[in-house]
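Visitor: To start, I am sharing the structure in question, which I have written as structure tokens.
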Amino acid sequence: MSAVGVASVPIALFIAAFTGIVLAIQASYTFTGTVPLYFVGALVGKTIILELGPVLTGLALSGRVGANIAAELGTMRVTEQIDALESLGYDPIAYLVVPRMLAGFLMFPVVVALAITMGIAAGWATSLSLLDLSTPQFVRGLRLFFLSWDVQFALIKSATFGLTVTGVGAFFGFTTTGGAQGVGIATTRAVVISSMAILALDAFWAATLL
Amino acid sequence: MNRGREVLVGAVIVLGVAAAVLGSLWLSGRGFGSPRVPLDVLVTDAGQLRDGNAVKFRGVQIGRVALIEVEPGGAGVRLHLLLDEQNPLPPDAGALVAAESLFGEWQVELVSKSDYPSFEFFTITPAIQTASENPILGGFTYPDISRLTAAANAISENLQVLTSRVDRAFTDETAQALSSAIRDIQIISQTLRSLVEEQASTIDTLTADVRAAASEIAGAARAGRSTLEQADSLFAGGELASILASLEEVSSNLASFTGELDGASEEFSGLIESADRTFARVDRLTERVESGEGLLGQLFADSTLTDRTTGVLTELELLLRDLRENPGRYVRLSIF
């Protein structure tokens, strides 16, 4: 959980912060003259909660966590450590895969929640400092179309992203063949496939839960 | 995993959960432990209202929409509101469900029904009131933008029909007639303007006269009032009786004067008859003169007599002159 969650927090916060800044600026650029500026808050909140927070965090963690798991398990596979566990009577899936997937399932929502908070805070700070917007206006926009279900939807989605990223990484790591080159290939495949899976899952959940 | 890492993981999890839970509560407008007052509203249609939309009273947000559900019988929609604190609502309170702005935000506004007499608020029967767990109000929902768009579309179609009819009716001839009418109106307008300008001074004078007449009338009224007051005083003072007595005396004098006038009239009649007779004699005399009777008639009729008479008169005049110049020739005055 430390490697999957805690170690992923800085990169997730970094991505979310800049996402919030860019969203606020682009929203004001789009809205000026046509739509009241307090809608910047609505756009920042809704977009980060529903889409960018979970998906960008998921994509970032697929590169970081998925690649890590695939490389670690792939190396264990090519160095026959997994075979050794099996020979000692341990179930390598239960010992190596399930804890990682469980950690991904639990920690991804936590990381995404922190990322969403950071993204909204960054958007708010940007609105105050760079845009002609006050805190009450931003909060008004933020609350305008907010539904509690949006947060639940984001957390459910990110939990499935965590399962997918760790599961795909573990799968490609477990099936690694061919030594160091095979580990590299497995890592690359894990990142690519988990990223695609995240986008597919995003569309799936949007179609089924919203 | 050492202890420090476990603590860090726990802290991150707690932070993440807290961010999600508290953030959701804050953004949905739910207070953290502050008391909430439930209030239900029944409307026929919820429009674009959503959970979490604002509830306002006199323009101030006092709560949020907690839940929206269709009534079991399908007769309406029940809005569950949670108000921040107990606000003194008007006795005939109702709820208006309407768009807060043109950008899709809706709100519930608690109002006095008497301020909106044309709105048909949902009627809350005693049975509904009894069955409701929370205090309940009747609400009215403004039509949403789709209904307004549909209405605008219908209006647009009607306008299109009207325009086509106008197109058919508005031919070149109509346009010319209209143009002519406009010109006539302009001419009439100018004439009226000049007439008004001309009559302005007259009207001013008339106004002044009217004002003077009014003041005179007022003066007359004052005089009349004083006269009436005098009459009142006369009536009141008993002087009328003496006036009436005087009038009686004057009347009797007039009667006697009338009798004298009658006598004088009779004498005058006799005088006229005498004059008539005299005039008749003169007429007869004149006829005789004209016919040459008598001396005067001969004088008028015979010019010789006239000439002789004239000669005699001339000689008499000469004689008198000579007598005046030479009196001694004719008068001998001897004292001794």
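Computed from the coordinates by the stated procedures, all read-outs in this text should not be read as laboratory data. Bear in mind that the values here come from a model prediction, so they are computed numbers and not experimental data. Here Cβ is always computed from backbone atoms with ideal geometry, including for glycine, and neighbour counts include all displayed protein chains.
Visitor: What is the extension gain from B:ASP51 to B:SER194, computed as 0.36 nm multiplied by their sequence separation minus the C-alpha to C-alpha distance, in nm to one decimal?
Guide: 44.6 nm
Visitor: Please identify every one of the GluC sites (Glu not before Pro) in region B:1-109 that sits in a loop by DSSP and has no more than 13 other beta carbons within 10 Å of its own beta carbon.
Guide: Qualifying residues, ordered by number: B:GLU85.
Visitor: Then there is this: Counting other C-beta atoms within 10 Å, which of B:VAL70, A:VAL192, A:VAL40 has the fewest, and how do the rest follow?
Guide: B:VAL70, A:VAL192, A:VAL40
Visitor: Further, regarding this structure: Based on the alpha-carbon gyration tensor of the protein assembly as shown and its eigenvalue square roots a ≥ b ≥ c, which shape applies: rounded if a/c is under 1.5, prolate if not and a/b is larger than b/c, or oblate? Intermediate results must be reported in sequence, preceding the final value.
Guide: Numbers: a/c = 5.62, a/b = 3.88, b/c = 1.45.
In terms of gyration-tensor shape, prolate.
Visitor: State, as an integer percentage, the relative contact order of chain A based on alpha-carbon contacts under 8 Å between residues 6 or more apart.
Guide: Once normalised by length, the contact order is 37 percent.
Visitor: Taking other Cβ within 10 Å of each residue's Cβ, how do B:VAL111, B:VAL14, A:VAL97 sort, fewest first?
Guide: By the 10 Å Cβ count, ascending, the order reads B:VAL14, A:VAL97, B:VAL111.
Visitor: What number results when the radius of gyration of region A:95-210, computed over Cα atoms, is divided by 2.2 N^0.38 Å?
Guide: With N residues counted in region A:95-210, Rg over 2.2 N^0.38 Å equals 1.39.
Visitor: Same structure again: When a/c is below 1.5 the answer is rounded, else prolate if a/b is larger than b/c, else oblate, so apply that to region A:115-169 with a ≥ b ≥ c taken from the square roots of the Cα gyration tensor eigenvalues.
Guide: oblate
Visitor: By how many degrees, between 0 and 90 and to the nearest 10, does the Cα long axis of helix A:135-144 differ from the longest principal axis of chain A?
Guide: In chain A, helix A:135-144 runs at an angle near 70 degrees to the longest axis.
Visitor: Which of A:PHE39, A:PHE204, A:PHE161, B:PHE121 comes first, and how do the rest follow, when ranked by fewest Cβ neighbours within 10 Å?
Guide: A:PHE204, B:PHE121, A:PHE39, A:PHE161
Visitor: Could I ask something else about it? Using a Cα-Cα cut-off of under 29 Å, which lysines could be cross-linked to B:LYS113, ignoring same-chain neighbours fewer than 8 residues away?
Guide: By straight Cα distance, B:LYS113 reaches B:LYS56.
Visitor: What lysines sit close enough to A:LYS157 to cross-link, taking a C-alpha to C-alpha distance under 29 Å and skipping anything fewer than 8 places away on the same chain?
Guide: Within the straight-line cut-off, A:LYS157 pairs with A:LYS46.
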